Structures are given as C-alpha cells and as structure tokens.
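*Asks:* Would you mind keeping the following structure in view while I ask a few things?
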Amino acid sequence: MSAFFSSASAESSSAKPPVIHWTEAGQKHSAHWRSERNAPPPRHVLPADDTITADAAYRLACEGTALLWRGDFHNASQLLQAMARRIDKMPARKQRKSEKAGSHAASPVDNFHRYRLARSQRARVLGSLLIPFNADYSIPLRRAPDVRQACIEAWGPEQATGVPSVASLRELLGIIGAHEWRKKGIEILALGNAPNNRIHPHYGVFSPVRGEYVDLVANAPLPRTGAERFVAFDIGTGTGVLAAVLARRNADLVIATDQDPRALACARENIARLSLEDQVHVVCADLFPEQRASLVVCNPPWLPARPASPIESAVYDEDSRMLLGFLNGLAAHLEPGGEGWLILSDFAEHLGLRSRAELLVAIERAGLRTVGRIDARPRHPKAADAGDALHAARAAEVTSLWRLIATSG
C-alpha cells in the first residue's frame, strides 16, 4: 500500500523538538521528546524501576502518569507485555456486560469507530512506559540492546548537542522491528527469483505484506497504446514495490512519485538494490509528474478516515483526498489508449465508510469509465481470525484492480 502524503512528524533540522520535563531525586530534568504519533510530552512523569508492579504501572498509565524507566531493560519489556494483557482483557468484560444489558447489535461503522477508539486508548496507555536515550541513541539501562543504528534509521543522525532524549518503549520496539525488516527485506515473488527479489521497507513506510495487490499489478494485461516507449507512473510509490514490478514487466520507463521523505529514500534504495535505476526514476511530486503515460498505477490508502500517525497515512485517506486526486487528474495524464489502474479494497464498503455507488460516481465525474476489473481475496491472517473486532468486514473483503480509461480525448 502506498505511503504518499508528507509526514507531519518528520523531524526538521530547523524545527525545535518538544521537551519533556520531570523531577527525580529532588532535581529537575529535561530531555528531547520523541513521538512518531506527534503525541505531546506527558505532563506527569514518574521515575520507575523493577520494584513497580504491573497493576500499579497500569493504574498510573490509565490515570495519565508516564513512567520513565530506570530499571532493567528486559524487565521493562515484560512490564509492557503485562500491561498489554490487562488492556486486552477489558473488551471481553465490556462485551459481556453489554450483552447482559441487552444492547442492540452495533452497525459496522460503529464497530469500526469503537475499534479505532480502543486502539487509540491502548496506544496511549502502553505509550506511557518511557525509555531514556543518551545523545548518541544508546540506552543507559541494564541489559539494554544496542539500538543506535535502528534509531538513526528512524530519527536521523544523532545530534551533536549532547542532549539526551526520551521515547516510549512501545515506539522503540517498533523501531527495532522496522530495523530488522529493513535488514532482511521481504521476498516479492512477482519480482522474480531469489535473491534479487526482495523489498526492504524503511521505518515509517508501509511494508508490502499484502501480496494480493502486488500480484494484481504483476498479472493484469498491459494496455497497448502504440506509443514509441511504454511509460508508466506509480503514484504514491511507498517502498517502490509496484514500480519495480512494472519495470520487471519490461516498461521502458517508470516514474515513481511520492512526497514523504522516508518513502522517497526507501524507494530509491530498493530500486538501486534491484539494479533498476535505468528504468525507474523516483521523484518527489504531488501525485502526477508533468507528462503523460500509457499506464498510471495508484494504490491509495483504502479507508477514508483521519490517520492518527504518519504510518497510518498508508491505510487512512482522510476525505478520500488521494483517491479523488488520482481519479480527477488521471485523464489528463493518460496517453491515447492508456489505462489507469486503481488498486482498492472494498473493506471501506463493508465497514460503511464508503459505498460502491460513491466510488462509481467519483469515477464517472472524473471523466473515466471502467473497462475491466480483476479481483483478489485477502490472504492475510486477520481475514480468518474470528476473534478480530472487524472480522465480518475482513472476511468479506475483496481487493480489486480497476482498469480505467478516459471517456474522451
């Protein structure tokens, strides 16, 4: 899935970072505050160590107090897991209480909003366990791993100011996980045989773990425009995976666009790893480059809702801005006989966030018509997880490649 819109949380060298303040042993302290979600620094910070119980930590976090860890790093990880178990027990208790009260079944859209609210509350509580960092991103705790390279990849080069920083342990674990994904990469069968078929996602760039949309682009019939060179656009390229697939399908030139600095760096690195620099040009652009193409591919975020963090911009497209921007600009960027491929899940339809009729009206108003559609069922584990809060919608989901052409010109 493409990560397109600029990350508001990307740190700027000229922007003054937020500061977290706390009192410890009677002394006032401060440090840079780091939050990928752009969460403000917590107002109430209490130093904590191995002596605190999971119940006490959970209660304090629910009350809005952040815990700055001073104990063993591995004990902090175990405490975070214990807090997560306490959170995850809550929905079941609330559900049983609701059933006893005889409440009416919620609509799909109500379930979705409750799901997002629960996820937000979970992130807030678990984000209350904080880890200190030295200025070089080393962690001054017992048995702490060396995370300096992972933090450099996520936050940029360490500052020479000598100022320490603080971030949540939950965010750090995400950074470590992203670092491992970046090292080993993800095998993409549509890119050919190993070992030259791996995509290495960067932190903050959506990983191509939903293989069905990649396979759709790999197998759909290419349009024949009669143009001297087959030029394709990949709008909102993210990791560059779809641009690479088009290049491997022998496109003469693929222009891959994005506006997010992390995505641009990630796509360029992946294209270089795959030795496709002669075919694929990664450029910073607002949706379309200034020319026409025989094929324009776009895999916008699938759900019309507001993202709560930069990484969610690959999933949530507020007011369908990227989807509508792609549709409304497509006709002007197609060669005669060219096609636009819209890769879109109907998950939003099953959740009641957007209807099929609304999508069809948007296509028609953009001066486009559909000449074909190829569907794929999801293969991800959540589609078969009956315990998932959105299981009914996930089980019914279909991902489609819509083949669109201009109705005139």
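The values are calculated or read from the model by the stated rules, or taken from the named source; none is laboratory data. Just so you know, these numbers come straight off a predicted model, no measurement behind them. Neighbour counts run over all protein chains shown; Cβ positions are idealised from the backbone, glycine included. When the accessible area is computed, the model is the full protein with side chains, heavy atoms only, and any ligands, DNA or RNA have been set aside. Shrake-Rupley method; radii C 1.70, N 1.55, O 1.52, S 1.80 Å.
*Asks:* Straight-line reach from residue 16: which aspartates and glutamates have Cα under 19 Å away, leaving out those fewer than 8 places along the same chain?
*Replies:* Cross-link targets: 36, 136, 158.
*Asks:* While we're looking at this one, here's another question. Using only the heavy atoms of the protein chains and a 1.4 Å probe, how would 330, 324 rank by accessible area, largest first? Provide the component values of the computation, followed by the final result.
*Replies:* Numbers: 330 0, 324 65 Å².
I get 324, 330, largest accessible area first.
*Asks:* Can you list residues from other chains, or at least 5 along the same chain, whose modelled amide H is less than 5 Å from the amide H of residue 293?
*Replies:* The list, which skips near neighbours in sequence, is 334, 335.
*Asks:* Still on this structure, please answer the following. Express the Stokes-Einstein translational diffusion coefficient of the chain in µm² s⁻¹, to the nearest whole number, given a Kirkwood radius over alpha-carbon pairs, 10 °C and a viscosity of 1.306 mPa s.
*Replies:* The Stokes-Einstein estimate is 69 µm²/s.
*Asks:* Taking the convex hull of the alpha carbon atoms in the range 195-255, what volume per residue do you get, in Å³? Please list the in-between numbers first.
*Replies:* Numbers: hull volume 5.7 nm³, N = 61.
Residue-normalised Cα hull volume stands at 94 Å³.
*Asks:* Another one. Rounded if a/c is under 1.5, else prolate if a/b beats b/c, else oblate: with a ≥ b ≥ c from the C-alpha gyration tensor eigenvalues square-rooted, which is the range 240-332?
*Replies:* oblate
*Asks:* How do 288, 233 rank by accessible surface area computed with a 1.4 Å probe, from largest to smallest? Walk me through the numbers before you get to the answer.
*Replies:* Details: 288 25, 233 0 Å².
These residues rank, largest area first, as 288, 233.
*Asks:* Follow-up question, since we're still on this one. Each label point is 7 Å from the Cα along the Cα-to-Cβ direction; what then is the distance between the points at residue 142 and residue 371, in nm?
*Replies:* For residue 142 paired with residue 371, the spin-label model returns 6.9 nm.
*Asks:* Let me ask you something else. If you put +1 on each Lys and Arg Cβ and -1 on each Asp and Glu Cβ, how big is the dipole of the chain around its Cα centre, in Debye rounded to 20?
*Replies:* Details: 49 positive and 44 negative charges, 267 e Å.
That gives the chain a dipole magnitude of about 1280 debye.
*Asks:* To the nearest 10 square angstrom, how much accessible area does residue 153 have with a 1.4 angstrom probe?
*Replies:* Roughly 50 Å² of residue 153 is accessible to a 1.4 Å probe.
*Asks:* R0 = 60 Å: FRET efficiency of residue 56 with residue 379, Cβ-based, nearest 0.05? Can you show the working numbers first?
*Replies:* On the way: r = 42 Å, r/R0 = 0.70.
Plugging the Cβ-Cβ distance into 1/(1 + (r/R0)^6) gives 0.90.
*Asks:* Please calculate the 1.4 Å probe accessible area of residue 32, with all protein chains present, and give it to the nearest 10 Å².
*Replies:* For residue 32, solvent-accessible area is about 40 Å².
*Asks:* How much FRET efficiency would the formula 1/(1 + (r/R0)^6) give for residue 398 and residue 278, where r is the Cβ-Cβ distance and R0 is 25 Å, rounded to 0.05? Walk me through the intermediate numbers first.
*Replies:* On the way: r = 36 Å, r/R0 = 1.45.
So the FRET efficiency works out to roughly 0.10.
*Asks:* Continuing with this model, one more query. Taking θ as phi - 60°, what are the ³J(HN,Hα) couplings along the range 293-308 by the Karplus curve (6.51, -1.76, 1.60), each to the nearest whole Hz, with x for Gly and Pro?
*Replies:* Karplus-based 3J(HN,Hα) across the range 293-308 equals 9, 6, 9, 10, 10, 9, 10, x, x, 8, 10, x, 8, 7, x, 8 Hz.
*Asks:* Please calculate how many Å² of accessible area the range 133-194 carries per residue, with a 1.4 Å probe and no DNA, RNA or ligand atoms counted.
*Replies:* 51 Å²
*Asks:* Name the residues whose placed amide hydrogens come within less than 5 Å of the amide hydrogen of residue 398, ignoring near sequence neighbours (fewer than 5 apart) on the same chain.
*Replies:* The list, which skips near neighbours in sequence, is 346, 347.
*Asks:* Mind putting a number on the dipole of the range 258-301 about its Cα centre? Charges go on the C-beta only, +1 for Lys and Arg and -1 for Asp and Glu, and I need it in Debye to the nearest 20.
*Replies:* Result for the range 258-301 is approximately 100 debye, rounded to the nearest 20.
*Asks:* At most 12 other Cβ atoms within 10 Å and a DSSP loop assignment: could you name the GluC sites (Glu not before Pro) in the range 155-252 that fit?
*Replies:* Passing both the DSSP loop test and the Cβ count: 228.
*Asks:* So how much slack lies between residue 163 and residue 229, counting 0.36 nm per residue of separation and subtracting their Cα-Cα distance, in nm?
*Replies:* 18.4 nm
*Asks:* OK, next. Would you pull out the residues with amide H under 5 Å of residue 256's amide H, same chain only if 5 or more places away, H placed 1.01 Å from N?
*Replies:* Result for residue 256 returns 234, 281, 282, 283.
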